[in-house]
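Report on one structure; see the data block that follows.
Just so you know, all these numbers are worked out from the coordinates, no wet-lab data involved. Remember, predicted model here, so these are calculated numbers, not experimental data. Glycine gets a Cβ as well: all are built from the backbone with ideal geometry, and neighbour counts include every protein chain shown.
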Amino acid sequence: MMKGKTVIVTGANSGIGRATAAGIVKLQGRVIMACRDMSRAEEAAQQVRQETGADSTQLVVKQLDLASLTSVHAFCQDIIKEEPRLDVLINNAGIYQCPYTKTEDGFEMQFGVNHLGHFLLTHLLLDLLKHSAPSRVVVVSSKLYKSGHINFEDLNSEQSYDKASAYSRSKLANLLFTCELARRLEGSGVTVNALTPGIVRTNLGRHVHVPVLAKPLFNLLSWGLFKSPEEGAQTSVYLACSPDVDGVQGKCFADCRPQTLLDKATDQEVASKLWDISEVMVGITT
């Protein structure tokens with residue numbers, strides 16, 4: 001049970017994030033839903049409260065736009081000021097295969113939101129997590145990391161942009177971030193682990209074009225073959241709550257079981273270099 005524990009879930013207004021928030025609330029945890037669109041977040045929170053019987057103190061909505069470093073800083077300042085403890089941070093929010101756009105700070109959108117926004121968020125909340133130890137960071141990646149490649153010469157996809165490759169790159173970056181953060185957190189009482197949720201029926205694929213005539217078949221197949229958001233959220237809830245993973249550090253899970261990753265996702269040299277460059281990109285001075 002999560003009674004007395006506070007959990008932040010990014011992108012908690014829909015899909016896996018919403019199901020994760022509901023799952024933790026059902027275990028009596030307190031959830032801060034960190035979302036870009038406040039009206040959609042409030043609507044989702046109201047639905048989760050009705051489903052679970054939670055009140056407005058157990059399920060809190062806060063504005064966080066991961067495409068804005070200013071928003072990340074403001075969110076973290078509020079959390080540090082208002083929250084005496086933070087037991088779990090779940091980096092769940094993501095953008096999938098969007099057309100080429102840039103964040104407020106000039107980063108390619110998928111790399112900026114999926115990796116850099118969460119990188120800064122975690123950095124700014126790390127002292128609070130350490131103060132609350134034993135505590136956990138959970139990183140939602142994707143099996144599509146396998147086709148990702150970290151091109152240090154073009155992290156911003158300015159020389160060439162392929163939306164599928166950019167997504168895979170951002171998800172590979174999530175795993176390399178987990179790898180390096182695990183190394184840095186050794187002995188701190190804070191653990192970090194990643195997960196791949198599988199193919200889930202969410203609105204993440206809203207930028208993927210399905211021909212009109214194929215849509216009925218696609219929708220039928222998705223109901224038969226894809227996981228529900230609740231099934232997709234099981235590993236996130238497991239990594240946030242389960243005593244089975246007490247002290248487990250730097251692993252990646254799928255269906256609540258540890259996975260063996262490709263070497264490129266655990267390359268310590270690349271992970272360390274990506275970390276250093278990410279610090280520069282988001283303006284962290286150490």
Below 8 Å between Cα atoms, with a sequence gap of 6+, how large is the relative contact order for the chain in percent? 19
If I stretch the segment between E231 and E51 completely, what's the gain in nm (0.36 nm per residue apart, minus their alpha carbon distance), one decimal? 63.1 nm
Give me the number: length gained by fully extending A133 to N156, i.e. 0.36 nm times residue separation minus the C-alpha to C-alpha distance, one decimal in nm. 4.8 nm
Cβ-based net charge around Q46, under 13 Å, with every Lys or Arg adding one and every Asp or Glu removing one: -1
Any idea what Rg and Dmax come out to for the chain if you just take the C-alpha atoms, in Å? 17.8, 56
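Using 0.36 nm per residue, how much length does the chain from E83 to E186 gain when fully extended, once their Cα-Cα distance is taken away?
Contour length minus Cα-Cα distance gives 34.6 nm.
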Percent antiparallel among DSSP beta bridges confined to the chain, nearest 5, equals 10
Residue-by-residue Karplus 3J(HN,Hα) for the stretch 185-197, coefficients 6.51, -1.76, 1.60, Hz, glycine and proline x: 8, 3, x, 8, x, 9, 10, 9, 9, 10, 8, 10, x
For L86, list long-range residues whose amide hydrogen, built 1.01 Å from N in the peptide plane, is under 5 Å from its own amide hydrogen. S132
Roughly what would the spin-label model give for D276 and T260, points 7 Å off Cα along C-beta, in nm? 3.1
Report, largest value first, the span of the C-alpha coordinates of the stretch 59-214 along each principal axis, in whole Å. 52, 32, 30
Rounded D (µm²/s) - the stretch 91-173, Kirkwood Rh over Cα pairs, Stokes-Einstein at 25 °C, 0.890 mPa s: 182
Per the 1/(1 + (r/R0)^6) rule, R0 = 22 Å and r from the Cβ atoms of Q63 and T101, FRET efficiency to 0.05 is 0.60
